[in-house]
Amino acid sequence: MKSIIYGTFAFWMAASIICFAAPEPAIVPGPRDWTMDVTFEHPQQIELRTEKGELRRFWYTIITLTNKSGRDVAFYPNCELMTDTFHILPAGKNAPAGVFQGIKRRHHRKYPFLEALEKSGNKILEGEDNAKDIAIIWRDFDKQVKNIKVFITGLSNETAVIDHPLAKEATGEPVKVYLRKTLELSYALSGDAALRSYAKLSYKGKRWIMR
């Protein structure tokens, strides 16, 4: 048990060091750098009853991406939800197709062309007429969570490389860590843990980071 605790502690210490040492995104983008315009809905809950009658809960956000770079760009997103209980949930994992269908029905008036993240393709065409509305879905997290962060990568081609503070190559040189410009959304969660359906998220802000 101690080894598990120490291992977990070491992992998060290393992650914290990497985040602390990570460079900030460029204030003035390079001539070949691009970042899509993005708007977003704050995360909401949705429930789905399985064939066995079990009620499962999911969280989702809807983002709208507009490519104003002057050219079509590649889109290879990575979307994660991180809790203050040290859990990282990848988008789409264990989310049945019925969850997206429920989200689409709920928002069909505002987002008639809503797409699921995994079906949104690997290219965003240039121009406002080609803007994409995309649903990003996560399974529910544990009830002790008080704060969450949403990380969305793939909205920019800006990258950076830093030395890992601990890991070494066979040559003794630090392992290189490759970072991508990432949108971070922060929220606080309030409400009785036993009444998850009434839980409320308070928006704490957004920022661009290298992650």
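Computed values, structure above
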read-out: Using a Förster distance of 22 Å, the FRET efficiency for Lys93-Arg32 (Cβ separation, nearest 0.05); value: 0.10
read-out: Estimated FRET transfer efficiency (Ser190, Ala160; beta-carbon r; R0 25 Å; 0.05); value: 0.10
read-out: For region 58-88 and region 156-211, distance of Cα centres in Å; value: 12 Å
read-out: Candidate lysines for bridging to Lys176, where Cα separation is under 17 Å - those fewer than 8 sequence places away on the same chain excluded; value: Lys168
read-out: Near-label residues of region 123-167 by backbone N, under 13 Å of a point 7 Å along Cα→Cβ of Thr85; value: 140-148
read-out: Projected area, mean over directions - the chain, Cα convex hull, nm²; value: 15.2 nm²
read-out: Principal semi-axes in Å for region 65-189 [√(5λ), Cα gyration tensor, largest first]; value: 30, 23, 12
read-out: Theoretical gain in end-to-end length, Lys143 to Val175 [0.36 nm per residue, Cα-Cα removed]; value: 7.9 nm
read-out: FRET efficiency for Glu115 and Lys200, using Cβ-Cβ distance with R0 set to 41 Å, rounded to 0.05; value: 0.90
read-out: Amide H partners (placed H, <5 Å) of Asn78, local residues excluded; value: Thr153, Gly154
read-out: For region 37-122, Kirkwood radius (reciprocal of mean inverse C-alpha pair distance, Å); value: 14.8 Å
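Readers should treat all values here as calculations from the given coordinates under stated rules, not as data from a laboratory. As the structure is a computational prediction, the values presented were derived from the model and not from experiment. Ideal geometry is used to build each Cβ from the backbone, glycine not excepted, and the neighbour counts take in all protein chains shown.
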